[in-house]
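The values are calculated or read from the model by the stated rules, or taken from the named source; none is laboratory data. Note that the coordinates shown come from a computational prediction; the quantities given were computed from them, not determined experimentally. So basically every Cβ, Gly included, is an ideal-geometry build from the backbone, and we count neighbours across all protein chains shown. Just so you know, the surface numbers come from the protein's heavy atoms only, side chains and all, with ligands and any DNA or RNA stripped out. Shrake-Rupley method; radii C 1.70, N 1.55, O 1.52, S 1.80 Å.
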Amino acid sequence: GLVHRFPLGGRDLSYSRIPVGLMLGEIAISELDRLRENLISRRSAGEAVDTVLARVAGIPEMDAQRGVAVLRGNAGKYLDLLRRFVESHADDMRQLTASLEVGDHDTARRIAHTLKGTGATLGANRLAAAATRLETILRSAPEAATPEAGLRAEMRAEMAAVTRELGLLMAALSPRQL
């Protein structure tokens, strides 16, 4: 399988599979990886800003108008920030999982908190809501122990929701083949 590497707390962690105890299925993550690679490799395709913005605005509960307003009407800059956001946060659920696996609950909460705030600022309301619920779960989970089964199920559901929303954003931002 694929081996992914990412820094965590000053050390480089790698994995070939998502840990079974907490994680999403590999299919959702693989699809997210594929979309991210497509977004990065075809970023300069030069598709009209209005066309891409319309796709982004078509995502349920995506407030693209608010996001553009935050940037004083600069739709191009808004789309660039969204692209950067999804590129830099595509691995967040894996990093969150790895953090929990090594007992680094502070990093896990910080990841959820960052997604919540940035998602809300950019108008990604469903993503922000899922990240808010995930942050709440992480704050309520005892740090010394593995979360109980019910809490793990809630955590998986919210992590899947965050992954799904990032995937929708990536798909909307990816240039279309003509």
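Would you work out if the stretch 87-133 is rounded, prolate or oblate? Take a ≥ b ≥ c from the square roots of the eigenvalues of the alpha-carbon gyration tensor; rounded if a/c is under 1.5, else prolate when a/b is larger than b/c, oblate otherwise.
prolate
Give me, ordered by chain and number, the residues 5 or more places off MET62 or on other chains with an amide H under 5 Å from its own placed amide H.
Residues meeting the amide H criterion: none.
Sticking with the crude label model, points 7 Å out along Cα→Cβ, report the distance from ARG72 to SER140 in nm, one decimal please.
For the pair ARG72/SER140, the computed spacing is 4.3 nm.
Using a Förster distance of 41 Å, how high is the FRET efficiency between ALA48 and THR114, based on the Cβ-Cβ distance and rounded to 0.05?
0.85
Using the heavy atoms of the protein chains alone and a 1.4 angstrom probe, what is the accessible area of the stretch 51-178 per residue in square angstrom?
45
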